[in-house]
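Throughout, read-outs are computed from the coordinates displayed, never taken from laboratory work. This structure is a prediction, so every number in the text was calculated from the model and none was measured. Note that each Cβ is placed from the backbone with ideal geometry, even for glycine, and that neighbours are counted across all protein chains shown.
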Amino acid sequence: MPRMKDGIPLRVKASASVTRGSIWHGAVPVQRLQRLAAVLAGPAGELQVELQAGRNIAGHGVLGGKITGELPLACQNCMKTFSWPLETTLDLRLVHSEAEEKRLLNECEPLLVEDDTLQLQALVEEEALLALPIAPRCPECGGG
């Protein structure tokens with residue numbers, strides 16, 4: 001049984017993580033994620049992250065997990081700051097070339113692994129950025 005590790009490392013070796021079925025869980029402070037902090041109404045808070053590396057039924061390397069948190073956003077209608085609940089899941093297929101990544105785009109969500117390294121915190125930041133609403137609206141202005 002894979003051992004669960006506290007904390008989300010900056011980077012890990014992809015091949016070893018997949019072979020071991022590594023599991024990570026922990027909090028990542030928003031202030032550590034500079035691109036995310038820059039688009040929020042404030043750098044406060046943290047993301048709760050659970051990640052697991054392994055193999056799918058076909059034997060391909062995968063990385064799955066969940067990212068949750070409360071993020072401060074500015075309502076695009078009234079400009080008030082409100083707390084937005086982030087909840088996103090990851091189901092990524094690990095690929096080792098741009099050609100493989102391009103070929104699989106219609107079948108799954110590929111993640112290009114370079115130098116056998118998974119940049120975990122950068123991935124968490126990217127997934128959080130992708131999950132943000134384009135034009136956030138607070139509940140009073142009809143957001144949800």
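Overview of values
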quantity: Net charge, Val18 excluded, C-beta distance under 12 Å - Lys, Arg +1, Asp, Glu -1; calculated: +3
quantity: Under Karplus coefficients 6.51, -1.76 and 1.60, residue-wise ³J(HN,Hα) of the stretch 62-72 in Hz, glycine/proline x; calculated: 9, 9, x, x, 8, 10, 9, x, 10, 10, x
quantity: Separation in nanometres of the label points that stand 7 Å from Cα toward Cβ, at Ile57 and Glu87; calculated: 2.7 nm
quantity: Rounded to 10°, Cα long-axis angle of helix 120-131 versus longest principal axis of the chain; calculated: 50 degrees
quantity: 5 angstrom amide H check on His60, placed H, neighbours 5+ away; calculated: none
quantity: Long-range Cα-Cα pairs in the chain (distance over 25 Å), rounded percent; calculated: 34 percent
quantity: Computed label-point distance, nm, for sites Cys78 and Arg32 using a 7 Å Cα→Cβ extension; calculated: 3.4 nm
quantity: Order by protection proxy (mean Cβ within 10 Å, highest first), peptides 27-35, 46-54, 130-138; calculated: 46-54, 27-35, 130-138
quantity: Long-range amide H partners of Ser22 with built H, under 5 Å; calculated: Ala53
